[in-house]
1. Any idea what the relative contact order of segment 114-154 is, in percent, if you count C-alpha pairs under 8 Å spaced at least 6 apart?
2. Glu150's amide H: which non-local residues (gap 5+, or another chain) put their own amide H closer than 5 Å, with H modeled 1.01 Å from N in plane and none for Pro or chain starts?
3. Students often forget the sequence filter, so: which aspartates and glutamates lie under 16 Å Cα-Cα from Lys109 once same-chain residues fewer than 8 apart are removed?
4. Can you give the helix-only mean residue ellipticity at 222 nm for the chain, where every DSSP H stretch with n ≥ 4 adds -39500 (n - 2.57) and the sum goes over all residues, rounded to the nearest 500 deg cm²/dmol?
5. Label Glu68 and Lys167 with points 7 Å out from Cα along Cα→Cβ: what is the distance between them in nm?
6. If one computes the Cα centroid of segment 89-138 and of segment 155-175, what distance in Å separates the two points?
7. Sort Ser61, Ser69 by accessible area with a 1.4 Å probe, largest first.
8. Name the residues whose placed amide hydrogens come within less than 5 Å of the amide hydrogen of Ile11, ignoring near sequence neighbours (fewer than 5 apart) on the same chain.
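The values are calculated or read from the model by the stated rules, or taken from the named source; none is laboratory data. No experiment lies behind these values; they were computed from the predicted model shown. A quick note on method: Cβ atoms are made from the backbone with ideal geometry, for glycine too, and the neighbour counts reach across all protein chains shown. When the accessible area is computed, the model is the full protein with side chains, heavy atoms only, and any ligands, DNA or RNA have been set aside. Shrake-Rupley method; radii C 1.70, N 1.55, O 1.52, S 1.80 Å.
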Amino acid sequence: MLIISKCGKNIETYEVGFLNTNFQHFTGTITTLSAVAFYEAALYNRLSINDFEFKNNELTSRKIDILESAVTFPKIAKMIGVYNGPKVQLQADIGAGNVRCVMTLRFDKNKGNDWLYPVGIQKEDIRDVTTKSPIIAILRKNSTDTVYEEITYKSKNINLNNIHIPKEYNKIIADDVLQQLKPKQIED
């Protein structure tokens, strides 16, 4: 996903990778299956109650209660910013979400990438734990695609014609998506 947020009259972007290896962590369960096998079993309705157990009822219950927010994140996130919430057991750089939930994200330069990956989701108000910049749009693509071709969220409260979209975004965002984001013109 590509998250575009408003910073004055300019934009900031955050690229987030949601990998099949992240899903099992979000469920709060323990399993002998690999993270990929767990994800595929869940995706194809082959996950059995015998394939996992709960870490502890409270933690797993809290994670399961908010799991739907993780799945619908590309449609419900409204703000993003530097995460300044409790970091005792959570190492996160960025938080994104709304007044009901926050997905925490982290950079991992050791993996040879410059994108974020999810590390948690909590029932929190985004305004309490981040520097809170409004999200303009969230775009989605498959990891094998080179350009973003789908808008999952577009702000109705921000006049996008006052936002400067640099020309280099022509390389990673499909032309028709750019036109939907900013119909007047793209900055040269």
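1. Working: 26 pairs, mean separation 11.9, N = 41.
Dividing the mean separation by the residue count of segment 114-154 yields 29 percent.
2. So Glu150 has HN proximity to Arg140.
3. Within the straight-line limit of under 16 Å, Lys109 reaches these aspartates and glutamates: Glu15, Asp93.
4. Working: 6 runs with 44 residues, N = 188.
So the calculated ellipticity at 222 nm is -6000 deg cm²/dmol.
5. A separation of 4.7 nm, rounded to one decimal place.
6. 22
7. Details: Ser61 55, Ser69 25 Å².
These residues rank, largest area first, as Ser61, Ser69.
8. Long-range HN contacts for Ile11: His164.
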